[in-house]
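The structure appears right after this line, and notes come after that.
The values are calculated or read from the model by the stated rules, or taken from the named source; none is laboratory data. Everything quoted here is computed from the prediction, not taken from an experiment. Neighbour counts are summed over all protein chains in view; Cβ atoms, including those assigned to glycine, are modelled from backbone coordinates with ideal geometry.
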Amino acid sequence: MSDVKPVLDFRLMLEIASREGVDKGIIIADEYADPRWGLDIDFDITKSYDTKPQSSKITIYNLSRQIYNKIYEEADAFRLSCARGENTSYVPFFTGYPVKALQVSKQTVLTSNQGFMAQDANAGRRGQNDLQTEITLMNYGFAKLYTSYQTSVSSELVINDCITALGLPKGNIDKYEDVELPAGYTIRGDVSTALNDLGKRCGFKWNTNDMKFNIYAANRDDIKTYGVILTPDNSSTPERQDDTFKTRVEVIQQASKKKGIKGIKATHIEKTEKGYMLKTQLLPFMQIGSTCRLQDFGLAGADGDKYVYKLHHVGNNYGTECYTELYCV
């Protein structure tokens, strides 16, 4: 992989909402951080159109015990925002829930290394004595829905009911096939399970990146254009990702024991293209489901407009590392 020259001219702001309300929470931003305490932030964030909850991590250095306790006891949601240069406004690029709010008790949410370090010899640098608070986040909370539709119903109506249960606004909504669901269609339990079933029926993938509900159409006929051009000047050489295969069973004839009809099924093996991965400069505002253009790499099949299905952002606000791994097909 070729080296990528990072662009480090950006600022971070981490907003931590309390269960008592956003105004009762905490804000950690570059302009608010006291350099004596080295209040710096690392982030490792994954966004994908995968419907499973995606785990990300934010590390905060040298928190005071008071702030650490407030986060541990009251934190409800975290929002990380980024701004380029000195005179631009912050724009959110990741929102997540602490793992403890999702009832995953076996995972450690915060490390035991809390407190602050007021040693002059260690001010302004990242060293082995820095105290880290690691916070594991997921991109959505779980919701449940219990309902049954007495008459046939459109999938669009059921999807809207699921979105309402999640309590999120709509974000990116690609065009998908609206199918008619039979009378008696029932949802019992996790909304995510119902949405996965609807996604198979209607040909879409979904997630809740950035505190919004998003739908990504499998046919990609209505994808959004972003306009990012990736070249050897700003990105690494595209790495081909392994192709995978999946089995799809098609029912040709429905079985009926009462009528003596034997069921007939056909099995299809379908190839799933994984496309390419490029390491490039930090692109915090890039969206899943948009397009990018690969240009001048000279690899067969690599150049051209590509669909972005996964983003991995890594960086910090003290200028030693920042990049985005972009996955496209």
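Go through the stretch 160-206 and give me each residue that's assigned to a strand (DSSP E or B), free of Cβ contacts under 8 Å to residues at least 60 places away in the same chain and on the phi < 0 side of the Ramachandran plot.
Correct list: 170, 171, 173, 180, 181, 186, 187, 188, 190, 204.
Quick check on my filter: what residues within the stretch 235-254 are surrounded by 10 or more Cβ atoms within 10 Å (Cβ to Cβ), modelled with pLDDT of 70 or more and closer than 30 Å to residue 327 by Cβ?
235, 236, 237, 238, 239, 240, 241 - these are the residues of the stretch 235-254 that are surrounded by 10 or more Cβ atoms within 10 Å (Cβ to Cβ), modelled with pLDDT of 70 or more and closer than 30 Å to residue 327 by Cβ.
For residue 22, indicate whether it is at negative phi, modelled with pLDDT under 80 and assigned to a strand (DSSP E or B).
On the way: at negative phi: yes; modelled with pLDDT under 80: yes; assigned to a strand (DSSP E or B): yes.
Answer is yes for this residue.
In the stretch 98-115, is there at least one residue being in a strand (DSSP E or B) and at pLDDT 65 or above?
yes
Take the residues in the stretch 140-153 that are surrounded by 13 or more Cβ atoms within 10 Å (Cβ to Cβ) and part of a strand (DSSP E or B), then tell me which one is nearest to the chain's Cα centre (by Cα).
Here the answer is 144.
Would you confirm, using the coordinates I've provided, whether residue 30 is closer than 27 Å to residue 325 by Cβ, modelled with pLDDT under 80 and touching a Leu at 6+ places or on another chain (Cβ under 9 Å)?
yes
Give just the number: which of (1) surrounded by fewer than 19 Cβ atoms within 10 Å (Cβ to Cβ); (2) β-branched (Val, Ile, Thr); (3) at pLDDT 85 or above does residue 58 not satisfy?
Tallying (1) surrounded by fewer than 19 Cβ atoms within 10 Å (Cβ to Cβ); (2) β-branched (Val, Ile, Thr); (3) at pLDDT 85 or above, residue 58 fails exactly one: (1).
Going through the stretch 53-72 one residue at a time, which ones are over 14 Å from residue 97 (Cα atoms), in a helix (DSSP H, G or I) and not basic (Lys, Arg)?
Correct list: 66, 67, 68, 69.
How many of the residues making up the stretch 61-93 are surrounded by fewer than 19 Cβ atoms within 10 Å (Cβ to Cβ), of a type in the set (Phe, Trp, Tyr) and in contact (Cβ under 8 Å) with a residue 60 or more places away in the chain?
Residues meeting the conditions: 1.
What residue, among those in the stretch 255-303 that are assigned to a loop (DSSP other than H, G, I, E, B) and acidic (Asp, Glu), is modelled with the lowest pLDDT? If you could, list the steps in order and put the result at the bottom.
First pass over the stretch 255-303, keeping only residues assigned to a loop (DSSP other than H, G, I, E, B): 255, 257-260, 262-263, 273-275, 281-289, 295-303.
If we keep only those that are acidic (Asp, Glu) too, we end up with 273, 296, 303.
Numbers: 273: 64, 296: 91, 303: 87.
Within the stretch 255-303, the match that is modelled with the lowest pLDDT is 273.
Examine the stretch 186-196 for a residue that is of a type outside the set (D, E, K, R), over 28 Å from residue 308 (Cα atoms), exposed (fewer than 13 other Cβ atoms within 10 Å of the Cβ) and modelled with pLDDT of 90 or more, and state whether such a residue exists.
There is at least one residue in the stretch 186-196 that is of a type outside the set (D, E, K, R), over 28 Å from residue 308 (Cα atoms), exposed (fewer than 13 other Cβ atoms within 10 Å of the Cβ) and modelled with pLDDT of 90 or more.
Which ones in the stretch 136-151 are in contact with a Phe, Trp or Tyr (Cβ under 8 Å, 6 or more places away or on another chain) and at pLDDT 85 or above?
148, 149
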